[in-house]
Amino acid sequence: KLDRMNEAREALPSALCADSQSRSADAVKLSPMIFEDRGLDPNKKVNGRKRQWLVDMGGRLWRTAVHAANGADGPSATVLLENLADIDGRLVLFFGDMAYNGVFADAVLAGGYQYEKAAKPESKQGFVPVKGRWVVERSIAWTNFFRRIVKDYEHTVSSSEAFLYLANSLIMLQRIDKQWST
């Protein structure tokens, strides 16, 4: 919360963005000796785990879920919506891409929030930064500096989630320290 307030923002977010990590440079490869919570993502051809991210517009991780990569994004991300009481004060809006339109969007609406599909306009070609969506991609990229996160060595998904929170906490502490030292 201190990191948000240092950016002249309210302590609690009003909007969060959901996305998953499981492909290309962001691939969450699993150590070969781990067989629990492992699956093949049929779209991205990654054998391992998927990480669901729920971040605010500053890239701070508020919720995460790790599961076998063969789970669909929308239904698997609904666990991110559980126990939002600690951040519910201002929360109004959730962003998500096409994968979150069905089950996840319905769960967001059932919780009394708004859902907005974050997609580039059909008239645009090539790379276009999409409102809300690029924030998650940036957060994922930030964690690529943490050796323990680049490849998933954890036997349990709860350990994997804990390391994501730990890495994000370190990023926030570095931002706070940088602001205090200048």
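Given the whole protein assembly as supplied and a 1.4 Å probe, what does the accessible area of residue 151 come to in Å², nearest 10?
Only protein atoms counted, so the area is about 70 Å².
In nm, to one decimal, how far is the modelled label at residue 14 from the one at residue 90, with both set 7 Å along Cα→Cβ?
It works out to 0.7 nm between the two label points.
If you take the beta carbon distance between residue 150 and residue 176 as r and set R0 to 25 Å, what does 1/(1 + (r/R0)^6) give as a FRET efficiency, to the nearest 0.05?
Efficiency at R0 = 25 Å is approximately 0.55.
Could you tell me the accessible area of residue 64 in Å² (1.4 Å probe, neighbours in place), rounded to the nearest ten?
Surface accessible to solvent at residue 64 totals approximately 10 Å².
Heavy-atom accessible area of residue 3 with all protein chains present, probe 1.4 Å, nearest 10 Å²?
Residue 3 exposes around 0 Å² with every protein chain in place.
Rank 94, 163 by accessible area, highest first, at a 1.4 Å probe radius?
Accessible-area ranking of 94, 163, largest first: 163, 94.
By accessible area of protein heavy atoms, probe 1.4 Å, what ranking do 158, 123 get, highest first?
In descending accessible area the options line up as 123, 158.
Cross-link candidates for residue 178: which aspartates and glutamates have Cα within less than 12 Å, leaving aside residues fewer than 8 places away along the same chain?
3
List the GluC sites (Glu not before Pro) within the range 53-122 that DSSP assigns to loop and that have no more than 10 neighbouring Cβ atoms inside 10 Å.
122
If R0 is 25 Å, what FRET efficiency do you get for residue 169 and residue 124 from their C-beta distance, rounded to 0.05?
0.10
Go ahead and run the numbers for FRET between residue 5 and residue 162, Cβ-Cβ distance against an R0 of 35 Å, rounding to 0.05.
Working from the Cβ atoms, E equals 0.90.
The values are calculated or read from the model by the stated rules, or taken from the named source; none is laboratory data. As the structure is a computational prediction, the values presented were derived from the model and not from experiment. In this analysis, Cβ positions are derived from the backbone assuming ideal geometry, glycine residues included, and neighbour counts consider all displayed protein chains. Note: accessible area is taken over every heavy atom of the protein model, side chains too, but ligands, DNA and RNA are not part of it. Shrake-Rupley method; radii C 1.70, N 1.55, O 1.52, S 1.80 Å.
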